[in-house]
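K.L.:
Next up is a structure, given as structure tokens.
Please treat every number below as a calculation from the coordinates, not as lab data. The shown structure was predicted, so the numbers you read here are calculated from the model rather than taken from an experiment. Methodologically, a virtual Cβ is constructed for each residue, glycine included, from the backbone with ideal geometry; neighbour enumeration extends over all protein chains shown.
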């Protein structure tokens, strides 16, 4: 089985685990993320608007927005890095690519902290995404300019022992779940 086939199998298994975790999620799933971000008040960050069964970072983003700029990713085109549009609680939103909401009147910033959605993660900082490479390209570009903290946010059930990774896959600096914070 080649790497692409292994990734497809890993994604299918991880999506099933994520759905089960999403369907039984306890309230306050973003509590550990909020606590972690409190140590970075005022640092420009990007969260994301959850789609499908992704864990919801919005409560933590709302708290962070009281102390500094918060943005959400915007897909510009296939094969390109993401851009990040300023977001505030209650701002006017519209549908973006893949069903993720984006601000109606985007003003772009470059975050120093990126909260990264994922399909599966490993304790060593590996991340399996949807396969478009958007976050890998984006993190590579941001990290070439300045230190950029990549925080994977997921349900604990999304942890995998052996992820099929490539040299271009950008590592996570931390993983936050509803159960706690892990540092590779």
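K.L.:
Restricting attention to the stretch 158-170, which residues are under 14 Å from residue 120 (Cβ atoms) and free of Cβ contacts under 8 Å to residues at least 60 places away in the same chain?
P.N.:
159, 161, 162, 165, 169
K.L.:
Which condition number in (1) over 26 Å from residue 95 (Cα atoms); (2) not in a helix (DSSP H, G or I) is the one that residue 36 fails?
P.N.:
(2)
K.L.:
Of the residues 64, 60, 100, which single one is in contact with a strand residue (DSSP E or B) (Cβ under 6 Å, 6 or more places away or on another chain) and crowded, with 18+ Cβ neighbours inside 10 Å?
P.N.:
Going through 64, 60, 100 in turn, just one is in contact with a strand residue (DSSP E or B) (Cβ under 6 Å, 6 or more places away or on another chain) and crowded, with 18+ Cβ neighbours inside 10 Å: 64.
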